[in-house]
Amino acid sequence: GAVVSQHPSWVICKSGTSVKIECRSLDFQATTMFWYRQFPKQSLMLMATSNEGSKATYEQGVEKDKFLINHASLTLSTLTVTSAHPEDSSFYICSAPTGGGTETQYFGPGTRLLVL
Amino acid sequence: AQSVTQPDIHITVSEGASLELRCNYSYGATPYLFWYVQSPGQGLQLLLKYFSGDTLVQGIKGFEAEFKRSQSSFNLRKPSVHWSDAAEYFCAVGAGGGADGLTFGKGTHLIIQP
């Protein structure tokens, strides 16, 4: 199947700093990518939809100024957690649909963020 | 708004026994339904999906699921589990197939007893 990668796989940062997470579709182009957040032993919650060439759309309750999304190309979306705080510590997962009708979403392996 | 309920947080089955993981959804139109598996340190892997047509869907690794509109259910089954099936299983619903963000259930943690 299609491959989606994320970088880094884990990151530790100090409170108040910003962290950038990359999501890449390795063998297909994705005009749309999705960002999810997963708390320990909980479900994935959709945060936002990343759109190539236009602004991201955020789910209700997600701070767009806190979680900056940029879809720089057809294979790359980035999520920047700005002025990170300990409550932002979580597992961040991206996904991308392959397109073509009955689409399948492929998920990246996730990025674990720990804010100290 | 769409929602997914997985009523079982944990399920323990013996290796070789059959398995059924429950999933109920709430959605106003024809749902697009998915089952994903998440193993430690790995990304979510799609087991199977239902968009339309035959309500019994075959997936990878010997899994199948049956869509029952009258019960708003999409239960996952496997006739004989293997120790390697131990993982977290998520049911999800989407409005536009795979083209939209998905709404996930809370997941069911599957434990396999030897």
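The values are calculated or read from the model by the stated rules, or taken from the named source; none is laboratory data. Owing to the predicted nature of the structure, the values given are computational and were not obtained by experimental measurement. Ideal geometry is used to build each Cβ from the backbone, glycine not excepted, and the neighbour counts take in all protein chains shown. Accessible surface is based on the protein model in full, side chains and every heavy atom, while ligands, DNA and RNA are left aside. Shrake-Rupley method; radii C 1.70, N 1.55, O 1.52, S 1.80 Å.
For the stretch B:27-69, filtered to residues that are open to solvent by less than 70 Å² (accessible area, probe 1.4 Å) and among the acidic types (Asp, Glu), the residue that is nearest to residue B:5 (Cα to Cα) is B:66. Among the numbered conditions (1) open to solvent by less than 50 Å² (accessible area, probe 1.4 Å); (2) within 13 Å of chain B (Cβ to nearest Cβ), the only one that residue A:71 does not meet is (2). Looking at the structure I just gave you, is residue A:27 out of contact with any Ser or Thr (no Cβ under 8 Å at 6 or more places or on another chain) and either away from chain B (no Cβ under 14 Å) or at positive phi (or both)? Judged against the criteria, residue A:27 is a match.
Checking each residue in the stretch B:10-44 for being under 16 Å from residue B:85 (Cβ atoms), in contact with a Ser or Thr (Cβ under 6 Å, 6 or more places away or on another chain) and small (Gly, Ala, Ser) picks out only B:16.
Pick from the stretch A:2-15 the residues that are in a loop (DSSP other than H, G, I, E, B) and over 17 Å from residue A:90 (Cβ atoms): which of them is least open to solvent (accessible area, probe 1.4 Å)?
Start the filter on the stretch A:2-15 by keeping residues that are in a loop (DSSP other than H, G, I, E, B), which leaves A:2-3, A:8-9, A:14-15.
Filter once more, keeping what is over 17 Å from residue A:90 (Cβ atoms): A:2-3.
Details: A:2: 25, A:3: 64 Å².
Among them, the one singled out is A:2.
Within the stretch A:26-44, the set of residues being at pLDDT 95 or above and open to solvent by 20 Å² or more (accessible area, probe 1.4 Å) comprises just one member, A:37.
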